[in-house]
1. Measure nothing fancy, just the Cα-based angle from helix 137-148's long axis to the longest principal axis of the chain, in degrees from 0 to 90, nearest 10.
2. What order do you get for 51, 184, 199 when you list them from fewest to most C-beta neighbours inside 10 Å?
3. Starting from the Cα-Cα distance between residue 13 and residue 56, subtract it from 0.36 nm times their residue separation and give me the gain in nm to one decimal.
4. Using alpha carbons only, how many degrees (0 to 90, rounded to 10) separate the axis of helix 25-43 from the longest principal axis of the chain?
5. Over all directions, the average projected area of the alpha-carbon convex hull for region 1-145 comes to how many nm²?
6. Only Cα pairs within less than 10 Å get springs; with that Gaussian network setup on the chain, which residue of 147, 64, 103 has the largest fluctuation?
7. Out of all DSSP beta bridges with both ends in region 71-208, state the antiparallel percent to the nearest 5.
8. Sort 173, 8, 98 by Cβ crowding within 10 Å, fewest neighbours at the top.
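Laboratory data are not the source of any read-out in this text; all were calculated from the coordinates shown. Note that the coordinates shown come from a computational prediction; the quantities given were computed from them, not determined experimentally. Cβ: placed from backbone, ideal geometry, glycine included. Neighbour counts: every protein chain shown.
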Ligand code: PRP
């Protein structure tokens, strides 16, 4: 099972503030974006480079540039939007897809209400973004959709995950690398990650 927990001190420190009950909407939004940017920075360490030559004002310089596929960020609405904003600070040219899913509070099943993806998403390096990987239903639904659109392998960036969600994604999409800032203990009877941080969408947008 390919799971990476980003243990960078800045990520862990920011996550500790994100979890606190007293963190305000404004702080929560900023922290989500910052953590996402740092997680993506870490995850993009493996992007391939190619050699090139540029002319500096002084001489020719051997340089290395990104090679390979262009990027696509796929934000699972609503909460993935702020993650995309954070990562776009690093890779402003990335294309952004949106998959609208909400989790039915009674059944915990994901309900799809919107899809808009770059037409060439199957030719891109795809990062799927959702702060919470709880039962894994939403992530699997988004990854299923991407597979239907020809995406061979995506990476899933979530701020917090539960073991149940990790296992569900790994079973349905073993090719997907899961990148987390924290892997928590379990889900409660309402499908909330424990200890978690509450409902990310509500805390981001001040709803409920
Ligand atoms: C939350 C969260 C994930 C999903 C995780 O979204 O942001 O998308 O639930 O749960 P799962 O792994 O069990 O599917 P929610 O349904 O609250 O929608 P929102 O982002 O619009 O608030």
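1. Result, in degrees: 40.
2. Ranked by crowding around the Cβ, least crowded first: 51, 199, 184.
3. Value of the extension gain: 11.6 nm.
4. So the helix axis and the longest Cα principal axis differ by about 50 degrees.
5. Averaged projected hull area, Cα only: 11.8 nm².
6. Looking only at 147, 64, 103, the biggest GNM fluctuation is shown by 64.
7. Expressed as a percentage, antiparallel bridges in region 71-208 total about 25.
8. The most exposed by this proxy come first: 8, 98, 173.
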